[in-house]
Amino acid sequence: MTVESLFPTPLWSFEYPEPEQLGAWASHVLQLQQEDPQGLAITNHGGWHSQSDLLDDQTLSPLFRWIAASCQQAFTEIGWDFSLATPSFNNAWAMVNGPGHTTRAHLHPVSYTHL
């Protein structure tokens, strides 16, 4: 028998170096929910969807910088040529779901920019 990996899917896992900060960010998101209880209704069934401008949120900016650095590390590992295209974030949001809440299947059509 021969086994070939035709469509391998790498999966990276990273641990934030200051785990106590994760709780502070979660509390911040819950505060945003209190300030805007209606939120957005996009793909969520129940639950709460924040505005899509969280990249501008100074409290969450260290999280986004860490995510960007982690992504860059993974892209480098697979041989991404940053001189041809530089990945970037175009928006960010948070969702708070409880029992019975779901997110319907969907696409992110504006998340790919052809160069």
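Scanning the range 33-55 for residues that are under 17 Å from the mean Cα position of the chain (by Cα), farther than 19 Å from Pro87 by Cβ and not in a loop (DSSP other than H, G, I, E, B) turns up Asn44, Trp48, His49, Asp53. A search for C-beta distances below 9 Å between a residue of the range 15-30 that is of a type in the set (A, V, I, L, M) and any residue that is assigned to a helix (DSSP H, G or I), counting only pairs 6+ apart in sequence or on different chains, returns Leu22/Leu63; Val29/Leu54. Whenever a residue of the range 66-93 is within 20 Å of Pro10 (Cα to Cα) and hydroxyl-bearing (Ser, Thr, Tyr), its partners that are in a loop (DSSP other than H, G, I, E, B) and open to solvent by less than 90 Å² (accessible area, probe 1.4 Å), lying with C-beta atoms within less than 7 angstrom and at least six residues away or across chains, give the pairs Ser70/Phe14. Looking at Leu60, Leu40, Leu54, Leu32, just one residue is out of contact with any Asp or Glu (no Cβ under 9 Å at 6 or more places or on another chain), over 26 Å from Ser13 (Cβ atoms) and open to solvent by less than 60 Å² (accessible area, probe 1.4 Å), and that residue is Leu40. Among the residues of this structure, Phe89 counts as one that is at negative phi, in a loop (DSSP other than H, G, I, E, B) and open to solvent by 90 Å² or more (accessible area, probe 1.4 Å).
The values are calculated or read from the model by the stated rules, or taken from the named source; none is laboratory data. Keep in mind that this is a model prediction, so the values were computed, not measured. Cβ: placed from backbone, ideal geometry, glycine included. Neighbour counts: every protein chain shown. These area figures cover heavy atoms from the full protein model, side chains too; ligands, DNA and RNA do not enter into them. Shrake-Rupley method; radii C 1.70, N 1.55, O 1.52, S 1.80 Å.
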